[in-house]
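Input: a single structure, listed below in structure tokens.
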Amino acid sequence: MSDYHWCHGPSCHTNKTQDRIRGVKGSKVLRTRKVQQNAWNENSFYRYFCSNGCYNDFANKHVQQIVAIAPRLEALETPIEVEVKTKTDYFGNPYKQKVIQAIDNA
């Protein structure tokens, strides 16, 4: 398996940075960046994109196809319990704070 992927950002090759310049005088080009594959990015989108900007460009361009993979047809809900606790601030004044606890239905 290759140690690199090419960045999937649709406009990665148009960003004017020094590390993208390739070629000899008279026939220079801006090239898409290589993204090194390592333990740090093995389970994240950084495996395929050189930056958040390239990821955002890709996601914005392909959002309809991405959502079509797993469309959300109804809202998700998490059962909770809300407790109101009385606490004391630094000066000894009481105040109320809501604490949200998720309920384990398993």
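Laboratory data are not the source of any read-out in this text; all were calculated from the coordinates shown. Because the structure is predicted, anything quoted here is derived from the model rather than measured. All Cβ positions, even for glycine, are placed from backbone atoms using ideal geometry, and neighbour counts span all protein chains on display.
Note on segment 12-43: residues that are within 18 Å of the chain's Cα centre (by Cα), surrounded by 10 or more Cβ atoms within 10 Å (Cβ to Cβ) and of a type outside the set (A, V, I, L, M, F, W, C) total 4. When Asp57 is tested against (1) touching a Ser or Thr at 6+ places or on another chain (Cβ under 8 Å); (2) more than 15 Å from Cys7 (Cα to Cα), exactly one condition is not met: (2). If the condition is being β-branched (Val, Ile, Thr) and surrounded by 10 or more Cβ atoms within 10 Å (Cβ to Cβ), then segment 50-79 contributes Val63, Ile66, Val67. Restricting the search to strands (runs of 3 or more DSSP E) fully inside segment 1-94 and requiring at least 1 residues that are closer than 30 Å to Asn105 by Cβ and not basic (Lys, Arg) gives 80-88. Looking only at segment 13-35, which residues are out of contact with any Leu (no Cβ under 9 Å at 6 or more places or on another chain) and not small (Gly, Ala, Ser)? Gln18, Asp19, Val24, Lys25, Lys28, Val29, Leu30, Arg31, Thr32, Arg33, Lys34, Val35 - these are the residues of segment 13-35 that are out of contact with any Leu (no Cβ under 9 Å at 6 or more places or on another chain) and not small (Gly, Ala, Ser).
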